[in-house]
Structures are given as C-alpha cells and as structure tokens.
Amino acid sequence: MVGTTQRDTGAEGAEGVAGGVGVTALLVAAARAIETYRHDTLAQDVFAEHFVLAAPASAGWPTRPHQVPEGDANPLWGRFARYFGLRTRVLDDFLLRSVHTGGARQVVLFGSGLDARAFRLDWPFDCVVFEIDRAEVLSFKEGVLDGLSATPKAARVPVPVDLRADWVAALADAGFDTTAPSVWLAEGLLFYLPAVAEKALIDTVDRLSTQGSALAYEAKLESDLTVYRDSPLYTATAQQIGIDLLNLFAKEPRPDSAGDLAGKGWATSIRTPFDFTRQHGRGPLPEENDALAGNRWVFASKP
Ligand SMILES: C[S@@+](CC[C@H](N)C(=O)[O-])C[C@H]1O[C@@H](n2cnc3c(N)ncnc32)[C@H](O)[C@@H]1O
C-alpha cells in the first residue's frame, strides 16, 4: 500500500469529480460521448456518456450529436469536441502501437480522468494500465464503472495521487516495474501543472523508462495563454458550461519538455493536431483567433 503522504488526501474533495480541474475530465468525456455517435466517428467510447450523466455538474450536457442544435457550428460541442475526438483516436493509435509493435507492457496514464482505454482497447494479455489522477476523480470513475459492471481488458491499477506531490512512490507501490519497457501518456494535463511539476514529471519518466519505452503528451506553445482569451473555444466553454479553462491553466511559462527529452537522448516528433485532421480526413482545421493554434502533440521514444 501507498503511504498517506503520497496519496491525495481528498482535502479539496467536497465537490467530487467536478471540483477544480476535475471538471475538465467531464468536459472531455462529453466530447468523447458525442464523438462516439457521430456518423463519421474517429473514436468510440461507450462509457463516456455514463460518466457525464452520473455527475450533477454535467448531467445536462449533450452526449449525442443530435443534442447539439447548431451541430459543428457550435464552437464547444462541435469543433472543440471534435478536437478531443481526434486526440483520443491519435493517442489510442499511439498506445496500441507502443504495446503491439514496441513491446511495452506497462501503460501509465497521467491525469487519466475518465479515460476508459483500459476497458475499450485491445491490449496484450499481459499488459497493465496504471491510471493516475486525483482521488475524487478516480473514486467517481470507479463508482460509475462498478455500476456498469464494466470489465477491463488489461490489468488496471488506479493510482490516486496528486501529480504536484511525489507520485513516484505511489506508482512503485502500485506495482510499476522499472526494469520493463513502458508507455506513458499525459493527455490534456501538463498545462494544468506548475512548471516545476511538469519538469519533475519529464525527468522522472526518463529515469523510470528502460530502452524501448515511449511517451506522448499534449503541450501548448504559447508563452501567454491569455492571448486567446476571446477565442470562440474559450468563450463558448465559459458561456455554455461555466468552465473558464484559462483560469484552470497554470499561469507560468511552460518548460521546453521536448527539448529536455531530446537532451536526454529521446527521439522526439512534434506534430500539430491539424496534421492528423488532414491524415484522417476529418477534425478541426486552423481558424482565426484559434485557441488550438499552439497545441502540439509530442511523441517521444527512448532508443
Ligand atoms: C482535461 S482532463 C483530461 C483527462 C484525460 N487525460 C482525458 O483526456 O480524458 C485533465 C485531468 O488531469 C487531472 N489532473 C490535473 N491536475 C492534476 C494533478 N495535480 N494531479 C493529478 N491529476 C491531475 C484532472 O483531475 C483531470 O482528470
């Protein structure tokens, strides 16, 4: 078991999953629910709508395309939701490639939120998926999945810990093996963390990764995130569901994590989401005053 000093104590937990940054996990789940039922779906997650409907904060949000009257013209439930759908698909593909071709058998999902990949994807039989998030988020998730009698397709180990604290002991206690290759994912997470926590996370991933390990994460390149404060994505998110994303983002400049990884010998590839829109033939494309303009998906491997 993990010592209580490493565990998220739940002190901010009165609001459950929707407290603080946890509400963003519900936002992404709603986007995945809508994506699941699009006629041209990029990723399917049949669990997503159950999370959204189970939380009082999100129970009234749309979970199906026909519930969004303006459809794709709605900046939040159209374009932004599609962005999350594309991100889900691209990172599903990355993880599956890493285990099936790359040979990793340990998957670590940082800020896993309501990610149901342990239940959705076809993992090798000996794969283990570690889900790291705050205790309130993981206990809400557990309750919903239990209610659905959901069965994971890999060994699944929730690790309730705050990533601003020392999460390494919690992961070790959860059974992470530092001698075996791993694949790591920080999807929709790093810009919520203090820069020092991001730097520590990258350093630690490097330290715990054997040769043949891989990492993907999402970054925002803008040095000043408020430059897009008036963008349709941010204003629609604030107006339609009351979430001020900029207020949840860390305020300080981001570290150059791709540069740090390259300096440690990792091979890195930095892609825009729009690259994948073109590859898949659907998804968001650049527009004026675009909160997605600085988003990058970084893929790294340790040779
Ligand atoms: C935007 S959600 C993304 C969830 C998931 N990766 C996905 O894409 O569906 C961000 C997640 O990061 C988690 N998170 C943010 N800061 C965290 C921290 N300091 N420690 C642990 N988890 C954190 C939140 O609780 C939330 O579940």
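Below 8 Å between Cα atoms, with a sequence gap of 6+, how large is the relative contact order for the stretch 219-279 in percent? It would help to have the intermediate numbers written out before the result.
Numbers: 23 pairs, mean separation 14.2, N = 61.
Taking the mean separation of contacting Cα pairs over the length of the stretch 219-279, I get 23 percent.
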* **Total charge dipole magnitude, the stretch 155-302, about the Cα centre, Cβ charges on Lys, Arg, Asp, Glu only, Debye to nearest 20** => 360
* Residues with amide H under 5 Å from that of ASN295, placed H, sequence gap 5 or more -> LEU221
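Given only helices, namely DSSP H runs of n ≥ 4 each adding -39500 (n - 2.57), what is the per-residue ellipticity at 222 nm of the chain, to the nearest 500 deg cm²/dmol?
Values: 11 runs with 107 residues, N = 303.
For the chain, the value works out to -10500 deg cm²/dmol.
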* To do: Could you tell me which of LEU76, LEU245, ALA267 has its Cα farthest along the dipole of the chain towards the positive end, charges placed at Cβ (Lys, Arg +1; Asp, Glu -1), taken about the Cα centre?
  => ALA267
* **Electrostatic dipole magnitude of the stretch 13-301 [Cβ: Lys, Arg +1; Asp, Glu -1; Cα centre; debye, to 20]** => 500
* If you take the square roots of the eigenvalues of the alpha-carbon gyration tensor of the chain and sort them as a ≥ b ≥ c, do you get rounded (a/c under 1.5), prolate (a/b over b/c) or oblate? -> rounded
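Taking a ≥ b ≥ c as the square roots of the eigenvalues of the Cα gyration tensor of the stretch 76-220, is the shape rounded (a/c under 1.5), prolate (a/b larger than b/c) or oblate? Intermediate results must be reported in sequence, preceding the final value.
Values: a/c = 1.19, a/b = 1.08, b/c = 1.10.
Rounded shape, in that the Cα axes give a/c under 1.5.
Could you pull out the longest piece of the chain with no exposed loop GluC sites (Glu not before Pro) in it, calling a site exposed if DSSP puts it outside H, G, I, E, B and it has at most 10 other Cβ atoms within 10 Å?
Values: sites that count: GLU70, GLU288.
By the stated rule (loop sites, at most 10 other Cβ atoms within 10 Å), 71-287.
Could you tell me the convex hull volume per residue, in Å³, taken over the Cα atoms of the stretch 182-242?
On the way: hull volume 6.5 nm³, N = 61.
In the stretch 182-242, the Cα hull volume divided by residue count equals 107 Å³.
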* Going through the DSSP H helices of the chain, which span 24 Å or more along their own axis at the Cα atoms while scoring at least -1.0 as a mean Kyte-Doolittle hydropathy? -> 81-100
* Asked: Which one of GLY85, ALA59, VAL159 has its Cα pushed farthest toward the positive end of the charge dipole of the chain, where Lys and Arg give +1 and Asp and Glu give -1 at the Cβ?
  -> GLY85
* Express in nm, to one decimal, how much length is gained between LYS264 and ASN289 on full extension, taking 0.36 nm for each residue of separation and deducting their alpha carbon distance. => 5.5 nm
* Could you tell me which of ALA291, SER301, GLY281 has its Cα farthest along the dipole of the stretch 254-303 towards the positive end, charges placed at Cβ (Lys, Arg +1; Asp, Glu -1), taken about the Cα centre? => SER301
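With only Lys, Arg, Asp and Glu charged, each at its Cβ (+1 for the first two, -1 for the last two), find how big the charge dipole of the stretch 94-195 is about the Cα centre; round to the nearest 20 debye.
Working: 9 positive and 13 negative charges, 63 e Å.
For this selection, approximately 300 debye.
All of the numbers you see were taken from the coordinates with simple rules; none came from a lab. The structure displayed is predicted, hence computed values, not measured ones. Every residue, glycine as well, gets a Cβ built from its backbone with ideal geometry; the counts of neighbours run over all protein chains shown.
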